[in-house]
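One structure below.
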Amino acid sequence: MRWADLLVLLPAAPYRLVAFPFAALFHHLCASGCLSLTARYIFLLAGGCLLAGTAMGSYAMLLLIPAAGSVLVLLSVSPARAHTWVFALQMSWQTLCHLGLSSQELDPQDARPAIALSAIMLLTQKATSLALDIHEGVMPLQLGQGLLQRALPLCSYLLFFPALLGGPLCSFSRFRAQAESLGALPCPLRAAGQRCLCALALQGLRTGLAGGLAGRQGCASLGCLPCVWVQALLLRLAYYQHWVLDEALLEVAGFGPEAGQGDLSVCDLWTLETTHRLAVFARTWNKSTSRWLRRLVFQRCPAQPLLATFAFSAWWHGLRPGQLFGFLCWAVMVEADYRIHPFLSARATSQGVKLLYHGTTWVFTQLIVAYILVAVETESFSMLCLLWISCNSILPLSYSFALLLLAKKPKQN
């Protein structure tokens, strides 16, 4: 893994910034009554196609083909089979794209393939969520309308430009309700501005930490535990900044998430950085994706739902060696967390012991999260082996051993 990659925000950031004025223009046109509902759907869809072509170039076809395929499936199959067909289509296409692009000798300076893969992953979220809504009867399709009137809202939802490159997952019913009510709602510029200021603060913090790390001598390898922790912190801050900008763009366009439904709030940020529970971190990290995985896999899996959820997450992310190892390690750590904490908390009776228990497990959580994030971002098998044989593996191995010892103890979800 190239550590310099961790110091740069995800490559789609410039295109998100370019989309801000178009999002503000869209909201202004809606508020002034210049756009009918059909025109709004067309504007959002056309903006998404334009943004895809600008950010991805010819790779945009990798996104447009499954989007069109999913719409055709939803309009042609029965509601009972909609989820199965859309899931099979999206995950098959996404896996082929991951494998095909990873097998090619691509220019490392060309960000277009990475942007396209990220957009395809988000498309899979939206398409499968919509298919589940139809399958469960939450959002029945209006069969009395014409084909174009039925297809346009679906295409617009899958490709609308404020959420094409990022952003928390929203349901189709909420998207449609927001599109219909935009003219009656004020543009939430204050909320969007606050998120942009938060993103600037995160950028300043990342820059300061990166400068401090660059000045360190003699500790810059996978075997250095403090170095790995700082690198993982830089990566987390980059993701926080990415999520905040995504939600700011949605706010400007009028599609901001409901309270508590976004990927990152101040409360979530505090929880992620202060929790002493790996399970709490896992539920809070990238919340909309966590909710999607819970609905798609965890609640539908009859056996070992936790392991199945993390295994599917590795598949969804691309199935690189680091991703397979990292997500399966995460599953084991969360399972161990469910059993270790009831065992320890029952023995922490005095205030001093409780403080020691919380402080020690917070440090352990921070180091294990750093280990997992670094493993997931590791691209080569040789670097993964270096991480495995380093001292950073001591804590994950200890948690795995504790899980074996406490396997018969009741777990606390």
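The values are calculated or read from the model by the stated rules, or taken from the named source; none is laboratory data. What you are looking at is a predicted structure, and each value in this text was computed from that prediction instead of being measured. Neighbour counts run over all protein chains shown; Cβ positions are idealised from the backbone, glycine included. The area values use the complete protein model at the heavy-atom level, side chains included, leaving out ligands, DNA and RNA. Shrake-Rupley method; radii C 1.70, N 1.55, O 1.52, S 1.80 Å.
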If you roll a 1.4 Å probe over the heavy atoms of the protein chains, what accessible area per residue do you get for the chain, in Å²?
46
Please report, as a whole percent, how much of the solvent-accessible surface of segment 223-282 comes from carbon and sulfur atoms (probe radius 1.4 Å).
68
Quick one: Cα centre-to-centre distance for segment 252-320 and segment 142-173, in angstrom?
23
Taking a ≥ b ≥ c as the square roots of the eigenvalues of the Cα gyration tensor, with a/c under 1.5 meaning rounded and otherwise prolate when a/b exceeds b/c and oblate if not, segment 189-408 is rounded
For a quick protection proxy, order the peptides 379-389, 287-297 by their average other-Cβ count within 10 Å, most packed first.
287-297, 379-389
Work out from phi, with θ = phi - 60° and the Karplus expression 6.51 cos²θ - 1.76 cosθ + 1.60, the ³J(HN,Hα) of each residue of segment 289-300, listed in order in whole Hz, and give x for Gly and Pro.
5, 4, 5, 4, 5, 5, 6, 6, 10, 4, 7, 10
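Ranked highest first by the average count of other Cβ atoms within 10 Å around their residues, in what order do 70-76, 161-167, 240-246 fall?
Working: 70-76: 18.4, 161-167: 25.9, 240-246: 23.7.
Ranked from most to least packed, the peptides come out as 161-167, 240-246, 70-76.
Run the helix sum for the chain: -39,500 (n - 2.57) per DSSP H stretch of 4+ residues, divided by residue count, reported at 222 nm to the nearest 500 deg cm²/dmol. Mind showing how you got there, number by number?
Details: 17 runs with 292 residues, N = 413.
So the calculated ellipticity at 222 nm is -23500 deg cm²/dmol.
Among 300-312, 13-25, what's the highest-first ranking by average C-beta atoms within 10 angstrom per residue? Show your work: numbers first, answer last.
Details: 300-312: 15.3, 13-25: 17.1.
Per-residue mean Cβ counts within 10 Å order the peptides as 13-25, 300-312.
Shape of segment 6-182 from its Cα gyration tensor (a ≥ b ≥ c, root eigenvalues): rounded if a/c is under 1.5, otherwise prolate when a/b > b/c, or oblate? Intermediate values should be presented prior to the final figure.
Working: a/c = 2.17, a/b = 1.17, b/c = 1.85.
It comes out oblate by the Cα gyration axes.
Within the accessible area of segment 6-182, what % is carbon and sulfur when the probe is 1.4 Å and the other protein chains stay in place? Intermediate values should be presented prior to the final figure.
Details: 5160 of 7610 Å².
The computed percentage sits at 68.
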Identify which of the listed values of Rg/Rh (Cα atoms, Kirkwood Rh) was calculated from the structure shown: (1) 0.98; (2) 1.14; (3) 1.18.
(1)
Per residue of segment 156-171, in order, report the coupling 6.51 cos²θ - 1.76 cosθ + 1.60 (Karplus, θ = phi - 60°) as ³J(HN,Hα) in whole Hz, putting x for Gly and Pro.
5, 5, 6, 10, 5, 5, x, 10, 6, 9, x, x, x, 5, 10, 6
For residue 408, go through the aspartates and glutamates and keep the ones whose alpha-carbon is under 15 Å away, minus same-chain ones fewer than eight residues off.
335, 337
